[in-house]
Structures are given as structure tokens and as C-alpha cells.
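What follows is one structure encoded as C-alpha cells, with my remarks underneath.
The values are calculated or read from the model by the stated rules, or taken from the named source; none is laboratory data. The model shown is predicted, which means the values in this text are computed figures rather than measured ones. Every residue, glycine among them, receives a Cβ derived from its backbone with ideal geometry; neighbour counts consider all protein chains shown. The area values use the complete protein model at the heavy-atom level, side chains included, leaving out ligands, DNA and RNA. Shrake-Rupley method; radii C 1.70, N 1.55, O 1.52, S 1.80 Å.
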Amino acid sequence: AIQLIMKYFAATEPGIALAVQRHWDWTANALWFEEIPRPRNPYYTAYFLGGKDAVMDAWRVRRYLTNHGVDENLYWDPNGQHGQPVLDKKGLKALKDWLLAPEPKRTPPSSDSETDSSEWSESENE
């Protein structure tokens, strides 16, 4: 069903079809792991992938992320299509829980630290 919706809105709507087919530069819109702010911090970053995505190779993206140490907030639906992981109940709940998660606790620097005592650091890895 989602493929029909995508086809209708993305392929037949003149404005979207023109933009994607004529003006979208896929190579300029690639996002490399090093460009993602705080990519391993589960408070700031979450990944939702579907294994049957028709737009991108989600299996490859998943492998790329896990090879770079992403193990938290990687939501994977092997049968999900493009956008579907956040449309079903389980994926939508995971997205909602992530968005509503409390901010991580901040810890004061140790007394032997060279940083100013007014600076605080996050307890989560970045």
C-alpha cells in the first residue's frame, strides 16, 4: 500500500516528479557518518530503516552504521518499506519514546580537570 502512495505522490505529482527527476543531485545529498552530529549518542540521533526500502539499500546503510559503532537507537524492520518503520505501531512508539526522552544528566568535571569549573560535560558518549 505504501508503494502506491509513494508512486502516486512522488511519481505523478508534477512538482515533485520534476524536482526529483530533473533537479535532485543524489551525490550532493549523501550524508556520511562523519557528518552526522553526535552519531552514536542515542539522545541526539536515531535511525529508522526498513529492509524493503525502494529508495535506498537499507541493508547496506544498516551495515554501514553498525560498522561505525552505532548499536543504540537503530530501529530495523526487515520487511519495512520506505518510511514504514515509523508508520507501524512499534516503530511509531519507538519514535515517540525517542522524541520524548528526558535530556541526559550532565556531570561536573573532575577536580583535577583542566577545564573551567563552570563547564559541564554530558555523561553520554558522543
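A few points about this structure:
- Complete set of residues in the range 44-61 that are open to solvent by 70 Å² or more (accessible area, probe 1.4 Å) and within 25 Å of Pro104 (Cβ to Cβ): Tyr44
- Gly15 satisfies every condition listed in (1) open to solvent by 70 Å² or more (accessible area, probe 1.4 Å); (2) part of a helix (DSSP H, G or I); (3) at pLDDT 70 or above except (1).
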